[in-house]
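To keep things clear, I will list the structure first and then write my remarks on it.
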Amino acid sequence: MKHIDFRDQISKNKRNSFFLMVFVGIVIIVLGYVISFAFDPSYFFFIMILAIIISISYTWINFYNSDKIAVKAVHAKKADKTKYKDFYRLVGSLVVSSNLPMPKLFVMESNSINAFASGRDPKNAVICVTTGALEKLNRRELEGVLAHEMGHIANYDIRFITLVSVMVGMIAIISQIFLRSLWFKGGGENKNSGIFMVIGIVLAILAPIVVSLVQLSISRKREFTADATAVKFTRNPNGLIGALEKIKKENTPEKKVSKALAPLFFSNPFKGSLTATHPPLEKRIEVLKAL
């Protein structure tokens with residue numbers, strides 16, 4: 001694999017994530033267009049307003065409290081400064097190289113090697129590592145993992161993924177309201193409303209599935225971006241490569257983690273391919289070796 005500049009990698013992955021998000025937006029517009037022809041246009045606007053209110057309200061509550069929700073969900077405890085001196089020192093040096101505020105540090109009891117970052121912005125960010133990561137990784141490898149999590153914070157990934165979640169949530173709600181309303185409401189006045197009704201039903205069934213897969217694809221792209229950003233902060237991909245190789249050999253599934261939190265973690269706590277929230281470890285290692 002030819003050499004890749006980490007700046008090009010960051011730009012490419014951000015660009016791909018943007019285009020995928022645009023695709024989700026187009027799906028919303030197409031779905032709305034079809035429904036407006038199947039029913040009265042004013043009926044679609046009612047669905048849209050309702051979907052926006054429900055989706056934004058639910059997601060905003062979770063987004064605003066994302067740091068607290070994440071650490072509580074995995075029963076993490078605030079890292080003791082005396083016990084975890086190296087943890088604080090490594091993050092402190094990354095704060096200088098990244099020009100970011102110091103995040104709150106937490107430790108999660110787990111034998112697996114993993115970590116995650118959360119928080120609505122850099123000023124309200126947290127980084128949590130497993131006890132397995134602290135015990136099994138050497139200093140350079142741990143620095144690479146922490147730099148990856150700082151990369152998520154620097155790239156505002158929580159905010160970006162939240163925006164995508166709102167859009168995906170809107171499609172799911174619009175589809176559900178439309179399908180349920182078929183039991184109570186007839187077609188519109190348009191002579192082709194029957195055709196649009198059939199198209200609308202197909203889209204309402206397929207759209208949530210397709211955009212969910214797109215959401216997972218965006219999540220995987222952001223992992224590549226965070227890896228490249230980690231190299232930018234440390235100027236050395238070897239630590240991150242070493243950590244990924246150890247995780248690959250260990251391959252211990254994390255039983256304590258909810259699937260809803262899986263996208264936050266450094267490596268995928270669950271097995272999967274099409275529905276995986278992270279790229280394959282082999283692919284991440286291959287790309288890092290080319291940086």
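With respect to ASN99, is the statement that it is out of contact with any His (no Cβ under 9 Å at 6 or more places or on another chain), under 15 Å from PHE265 (Cα atoms) and not assigned by TED's automatic domain parsing to the domain that holds ARG235 true?
Details: out of contact with any His (no Cβ under 9 Å at 6 or more places or on another chain): yes; under 15 Å from PHE265 (Cα atoms): no; not assigned by TED's automatic domain parsing to the domain that holds ARG235: yes.
Here the answer is no, as ASN99 does not meet what is asked.
Regarding LEU179, is this residue assigned to a helix (DSSP H, G or I), modelled with pLDDT of 75 or more, in contact with a strand residue (DSSP E or B) (Cβ under 9 Å, 6 or more places away or on another chain) and of a type outside the set (Asp, Glu)?
In short, no.
Answer with yes or no whether GLU245 is surrounded by 14 or more Cβ atoms within 10 Å (Cβ to Cβ), modelled with pLDDT of 80 or more and not assigned by TED's automatic domain parsing to the domain that holds VAL95. Lay out the reasoning, then the answer.
Working: surrounded by 14 or more Cβ atoms within 10 Å (Cβ to Cβ): yes; modelled with pLDDT of 80 or more: yes; not assigned by TED's automatic domain parsing to the domain that holds VAL95: yes.
Taking the combined requirement at face value, the residue satisfies it.
The values are calculated or read from the model by the stated rules, or taken from the named source; none is laboratory data. Quantities reported herein were computed from a predicted structural model and do not represent experimental measurements. Virtual Cβ from ideal backbone geometry, glycine too; neighbours counted across all protein chains shown.
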